[in-house]
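The values are calculated or read from the model by the stated rules, or taken from the named source; none is laboratory data. For clarity, every value in this text was computed on a predicted model and none was experimentally measured. Neighbour counts run over all protein chains shown; Cβ positions are idealised from the backbone, glycine included. The protein model used for the area step is the full one, side chains on, heavy atoms only, and it has no ligands, DNA or RNA in it. Shrake-Rupley method; radii C 1.70, N 1.55, O 1.52, S 1.80 Å.
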Amino acid sequence: MSRNGNECRGVELEERVPILQPDEKLLKRLNTLANHFQSKYNIQPSFFVRVPGRVNLIGEHIDYCGYPVCPMAIEQDVLVAVAPSKGNDIRLTNVDPKYIDFQCNIENISVCIGDTNDGPDWYKYFLCGVKGALEVIPEEYLPRGILVAVWGNIPPNSGLSSSSALVSAAVLLTVHVSQHQLPKRKLATISASAERYIGTQGGGMDQAIAFLGKAGSAMLIEFNPVRGTDVTLPETAVFVIAHSQACHNKASTTDFNLRVAECQLAAQMIAKKRNKPWERVQRLIDVQESLGVSLDEMVSVVTTELHEEPYTMNEISKNLDTTNEKLKEISLLRSFNDSQTFKLKQRALHVYNEAARVIEFQRTSVENTIMEEEKVRQLGKLMSNSHASLYELYECSHPSLDSLVDKAMACGALGARLTGAGWGGCIVAIVTKDKVTEFVDALKEEIVRCGIKDGFKLDDLVFPTEPNQGAAIYTI
Ligand code: ADP
Ligand code: NG1
Ligand code: MG
């Protein structure tokens, strides 16, 4: 079993990605995409895949620590038209002209990540998915050339998981074009590993909900092995997404991986202090399991064992009885220089408290004895506490996100928090059904008052959302 998270067992009996006929609304979009495909390649696509984005309701920055999270798939998606070709090339085109066409030999895929301010070129996310799929497809099924046209409407670099929709779509279509069959959970696991080729060491939440998402319910996603349990949300609750107009590409900085590294080091330092074999500990859940204590008790352990001041690499190495060089060999520290410091206590406190909030969120959602209105209030409180922790302890918010959370609360939300990795992007707010229209109008008014940046449209900045179905394959 991998220490990294997402193996799945008993796959033979498992649910597969459905092959569906599109409804009228989707058919219209697929026809536009098919026309673009035809204009580039002079043939019709053989099939389409649709993979949704997601909004994470609660459980931020804890998937890579091994803890359950609670996202739902959203309406916005990545659509891809596909046809096999006789050549050996993957050819990519995008309906959105800002994403340039690309072509390469399928036997020579290079994701090679360079440092750019805007993050990797779009097609590299796609290539990650193809590469990940090719690694698991048996030799006799391996595809030859593939012609592809992409069209997505998930706001990119905004915490709604446009990257994973694209990577997961590439995995799914490569497997399908090969006439190979894999269950949803396996595809989710492959996609999570594949996306790490882009450079970010994510935990697998985005790819899991992309495949396991269901219309009508959010989902508790657990890891190792990856699995999902429906979370029925209160009937009177509506979740509204709002964009802060600050974008952040996760692969363009080391912020995300630094948090992953800090969590790993915090886990190892606690293990060492409690006389456990720290080399075997990768995630904060591992050290909790090895100590055999509750999440609340882990909060006390962190408070006792770790200090507030940022740790230097030298201090960590000394405490672990190792050297910086050895530590770099076996951890995620390779990309950091020796002067990097690490806030171990703050990050670990966020993770254990956030993991407890996820359990509380799920428990409250399905609880029958609480009045509906009170339920929504309690869920809202958990979401607001999550944001406060992400702001203060995890330091992954952004002034525009904080001010949008404040605006949402002032407009009547019962709770609001940043969603996704942060450092920009979107918030998700919870409101009661009877107040949604009023809330959306008031928040839009506030946003207009503060100014809309170039490239954003008011109607795309605030929108209610509901749980959507996960990935599917379409023919028309
Ligand atoms: P997110 O929070 O949306 O997942 P990331 O920082 O992880 O943001 O990565 C988003 C990247 O995914 C974009 O910068 C772009 O390269 C790629 N991407 C997203 N949507 C599309 C699309 N519709 N077409 C092509 N590439 C896309
Ligand atoms: P975003 O940045 O929203 O795509 C990332 C990670 C998730 C999770 C969240 C924080 C990837 C692909 N996604 O999501 O696994 O760690 O941040 O909760 O790395
Ligand atoms: Mg992403």
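About its Cα centre, region 349-405 has a charge dipole of approximately 100 debye under the convention of +1 per Lys or Arg Cβ and -1 per Asp or Glu Cβ, with nothing else charged. Under 5 Å from the amide H of E75 lie the amide H atoms of E466, each residue being 5 or more positions distant or on a separate chain, with H modelled from the backbone and absent for Pro and chain starts.
Using θ = phi - 60° in the Karplus curve 6.51 cos²θ - 1.76 cosθ + 1.60, the 3J(HN,Hα) couplings for region 102-112 round to 8, 8, 7, 6, 5, 8, 9, 7, 10, 8, 2 Hz; x is entered for Gly and Pro.
Taking the alpha carbon gyration tensor of the chain, multiplying each eigenvalue by 5 and rooting it gives semi-axes of 34, 29, 21 Å, largest first. For GluC sites (Glu not before Pro), the sites in region 207-266 that DSSP calls loop and that have at most 11 other Cβ atoms within 10 Å are E235. Over all Cα atoms in region 262-343, the spread is summed up by Rg and Dmax: 12.2, 35 Å. Taking all protein chains as shown and a probe of 1.4 angstrom, C396 keeps an accessible surface of around 0 Å². Pairs of Cα atoms nearer than 8 Å and 6+ residues apart set the relative contact order; for region 11-74 it is 21 percent.
Sparse packing (at most 16 other Cβ atoms within 10 Å of the Cβ) combined with a DSSP loop state is found for the following trypsin sites (Lys or Arg not before Pro) in region 208-317: R274. Here region 18-69 has an Rg and Dmax of 17.4, 48 Å, counting Cα atoms alone.
Rank these residues by their accessible area, most exposed first, probe 1.4 Å: D63, D101, D321.
D321, D101, D63
Note on region 30-97: with charges restricted to the Cβ of Lys and Arg (+1) and Asp and Glu (-1), its dipole about the Cα centre is near 360 debye. Solvent-free Debye calculation, one equal scatterer per alpha-carbon of region 109-184: log10 I(q)/I(0) at 0.13, 0.21, 0.23 Å⁻¹ equals -0.42, -0.98, -1.11. Sorted into 10 angstrom bins from 0, the C-alpha pair distances of region 399-455 split as 24, 53, 22, 1 percent. In whole angstrom, how far apart do the alpha carbon centroids of region 123-171 and region 232-302 sit? Cα centroid of region 123-171 versus Cα centroid of region 232-302: 27 Å apart. When the listed pairs K250/K433; K124/K444; K345/K444; K276/K343; K276/K375; K184/K250 are checked against a 30 Å cut-off, the alpha-carbon distance exceeds it for K250/K433; K124/K444; K345/K444; K276/K375. The solvent-accessible area of L258, taken with every protein chain present and a 1.4 Å probe, is close to 20 Å². Taking the charge dipole of region 147-279 about its Cα centre, with +1 at Lys and Arg Cβ atoms and -1 at Asp and Glu Cβ atoms, the residue from V150, G199, M269 reaching farthest to the positive side is M269.
3J(HN,Hα) along region 420-425, derived from phi through the Karplus expression 6.51 cos²θ - 1.76 cosθ + 1.60 where θ = phi - 60°, amounts to x, 5, x, 6, x, x Hz, with x in place of Gly and Pro. The charge dipole of the chain, taken about its Cα centre with unit charges on the Cβ atoms of Lys, Arg (+1), Asp and Glu (-1) only, comes to about 740 debye. Classify region 6-160 as rounded, prolate or oblate, taking a ≥ b ≥ c as the square roots of the eigenvalues of its Cα gyration tensor: rounded when a/c is under 1.5, otherwise prolate if a/b is larger than b/c and oblate if not. Rounded is the answer for region 6-160, as its axis ratio a/c remains below 1.5.
Across region 299-315, coupling constants 3J(HN,Hα) worked out from phi with the 6.51/-1.76/1.60 Karplus curve, θ = phi - 60°, read 4, 5, 4, 4, 4, 6, 8, 10, 9, 5, 4, x, 7, 8, 5, 4, 5 Hz, and Gly and Pro carry x.
The relative contact order of the chain comes to 24 percent, based on Cα pairs under 8 Å that sit 6 or more residues apart. The orientation-averaged shadow of the Cα convex hull for region 345-476, equal to a quarter of the hull surface, comes to 10.9 nm².
Give the aspartates and glutamates whose C-alpha is closer than 20 Å to that of K318, dropping any in the same chain fewer than 8 places away, or say none. By straight Cα distance, K318 reaches E262, E279, E305, E308, E309, E329, D338.
Evaluate 2.2 N^0.38 Å with N set to the residue count of region 194-255, then give the Cα radius of gyration divided by it.
Ratio of Rg to 2.2 N^0.38 Å for region 194-255: 1.41.
Taking amide H as placed 1.01 Å from N in the peptide plane, I146 has its amide H under 5 Å from the amide H of S85, D89, I90, R91, each at least 5 places away in sequence or on another chain. Compared with the alpha-carbon gap, the fully stretched path from Q44 to D101 is longer by 18.7 nm at 0.36 nm per residue. The gain in end-to-end length when the L291 to T229 segment is fully stretched comes to 19.6 nm, 0.36 nm per residue minus the alpha carbon separation. A full extension of the chain between K435 and T253 corresponds to an added length of 61.6 nm, given 0.36 nm per residue minus the alpha carbon distance. Please grab the % of Cα pairs in region 223-316 that end up more than 16 Å from each other. Tail of P(r) above 16 Å: 70 percent of Cα pairs.
All C-alpha pair distances within region 34-116, sorted into 5 Å bins from zero, spread as 3, 11, 14, 17, 15, 14, 13, 9, 4, 0 percent across the bins.
Can you work out the FRET efficiency for the pair N35 and E325, with r the C-beta to C-beta distance and R0 = 60 Å, to the nearest 0.05? Step by step, r from the Cβ atoms, then E = 0.60.
When you restrict to C-alpha pairs under 8 Å that are six or more residues apart and normalise by the size of region 298-356, the relative contact order lands at 51 percent. Remark on S331: its backbone amide H falls under 5 Å from none of the residues 5 or more positions apart or on other chains, H modelled at 1.01 Å from N.
The largest-to-smallest principal axis extents of the Cα set in region 99-254 are 51, 37, 28 Å.
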